[in-house]
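These notes are about the structure you will find just below.
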Amino acid sequence: MKLFQYLENYDYEQMILCQDQTSGLKAIIAIHDTTLGPALGGSRMWKYDNEASAINDALRLARGMTYKNAAAGLNLGGGKTVIIGDPRKDKSEEMFRALGRYIQGLNGRYITAEDVGTTENDMDLIHMETDFVTGISQSFGSSGNPSPVTAYGVYCGMKAAVQEAFGTSSVEGLTVAVQGVGSVSYHLLKYLHQEGANLIVTDINKEAVEKAVVEFGAKSVDPNEIYDQQCDVFAPCALGAVLNDETISRLKAKIIAGAANNQLKEEYHGDLLHEKGILYVPDYVINAGGVINIADELQGGYNQNRAMKKVETIFDNVMKVFEISQRDLIPTYHAADRMAEERIEKARRGLRSKFLINPVSVLNRK
């Protein structure tokens, strides 16, 4: 890999290789951009095929967090940690405490959180060595389970799309097809049901589907049939890359708005949706409720009411994406990137270039 060339092409600031022989820690911390503030991004643990794959994943995910945090209106940049190892058998207290010491050594330029393959308990272990971690146990003043808040953000973003497409933000009487009935989408279904939406659900977990049928009066369909449903909104809330050549041709929805990450298999699939007149809400804009929620922990202690008010701004952020899409005649996925880039550029011109201030201010600034 030509690492410096890659870092220069996508304007990365820093990459740290972390290893601790005693605990077996092998990790990469990638910091993409700190123009808006310290980099926030989770610690992911995965059994990568090789070190190059781990490095690529860290860099890719860190850049994604820059855009997500900027689009959410947070004064935070983007970073990510990936830990090489099997999360089912390679974890130890020593490993996460060693990672915590590396994070502490960055003096607040990077703040971590829970991610794929890591848990709240793992964050507590990191917290033994550093304060620059969120998503820890509620006994430490943390925000707790982010799923209900993420769902609320998706609900707000969906209402913005309904406003844009139908002239009213109410989902009452609309049909919403939800792909996946996990923790986030269960709470999303609750919000939609309370407002009077007609629900169609699918999941490979039959018990989760049955629960949605009983509690929310949802109609259940087989997983492969969800793309063929006549509905107003299609909400991908499970796997990524579900919007592709095969599925887009089958969709009958006017709007796509869901919680899943990386919904577009390729960028050009966003162009296809635009050409078909399907209003796509970019995933990293609509599912930002979780990161908004944990970011509130950095405001001198978590306040749920304050966090939920901030999550409600996802409605405005989604409307801004639509505005830029129409202004510049570009698909919404591209408009979301432009919205994030414009905010970063304004900060770069008017405030600072990189987050290098006294770390004490990171956890105490208002």
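The values are calculated or read from the model by the stated rules, or taken from the named source; none is laboratory data. What you see is a predicted model; the values in this text were computed from it and never measured. FYI the Cβ positions are ideal-geometry reconstructions off the backbone, even for glycines, and counts take in every protein chain you see.
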Fill in the blank from the handout: Sole miss for Arg306 among (1) at pLDDT 95 or above; (2) surrounded by 13 or more Cβ atoms within 10 Å (Cβ to Cβ); (3) in contact with a helix residue (DSSP H, G or I) (Cβ under 7 Å, 6 or more places away or on another chain) is condition (2)
Problem - Out of Asn293, Asn224, sole residue that is touching a Pro at 6+ places or on another chain (Cβ under 9 Å) and outside any loop (DSSP other than H, G, I, E, B) - result: Asn293
Handout entry: Selection from the stretch 316-340 of residues that are under 19 Å from the mean Cα position of the chain (by Cα), closer than 26 Å to Glu275 by Cβ and not aliphatic (A, V, I, L, M)
Key = Asn317, Lys320, Thr332, Tyr333, His334, Asp337, Arg338
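Just to be sure, is Gln179 among the polar types (S, T, N, Q), more than 16 Å from the chain's Cα centre (by Cα) and closer than 24 Å to Gln326 by Cβ?
Numbers: among the polar types (S, T, N, Q): yes; more than 16 Å from the chain's Cα centre (by Cα): yes; closer than 24 Å to Gln326 by Cβ: no.
Judged against the criteria, Gln179 is not a match.
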Handout entry: Residues (surrounded by fewer than 20 Cβ atoms within 10 Å (Cβ to Cβ) and within 14 Å of the chain's Cα centre (by Cα)) located in the stretch 231-264
Key = Leu239, Gly240, Asn261, Asn262
Handout entry: Inter-residue pairs, beta-carbon under 6 Å, first touching a residue at least 40 places away in the same chain (Cβ under 8 Å) and in the stretch 45-60, second hydroxyl-bearing (Ser, Thr, Tyr) and surrounded by 13 or more Cβ atoms within 10 Å (Cβ to Cβ), 6+ apart
Key = Met45/Thr118
Exercise for the section: Kindly indicate the residue of the stretch 1-36 that is of a type outside the set (A, V, I, L, M, F, W, C) and touching a strand residue (DSSP E or B) at 6+ places or on another chain (Cβ under 6 Å) and also surrounded by the fewest Cβ atoms within 10 Å (Cβ to Cβ) among those meeting that condition. Expected result: Gln19
Problem - Odd one out for Ala235, checked against (1) touching a residue at least 12 places away in the same chain (Cβ under 8 Å); (2) within 19 Å of Phe315 (Cβ to Cβ); (3) part of a helix (DSSP H, G or I); (4) not β-branched (Val, Ile, Thr) - result: (3)
Problem - Matching residues, the stretch 259-286, being more than 21 Å from Ala70 (Cβ to Cβ) and either assigned to a loop (DSSP other than H, G, I, E, B) or at pLDDT below 95 (or both) - result: Lys265, Glu266, Gly277, Ile278
Exercise for the section: Scan the stretch 191-212 and report the pairs whose first residue is within 26 Å of Val162 (Cα to Cα) and assigned by TED's automatic domain parsing to the domain that holds Tyr152 and whose second residue is surrounded by fewer than 18 Cβ atoms within 10 Å (Cβ to Cβ) and basic (Lys, Arg), with Cβ atoms within less than 6 Å and a gap of 6+ or a chain change. Expected result: Ile200/Lys219
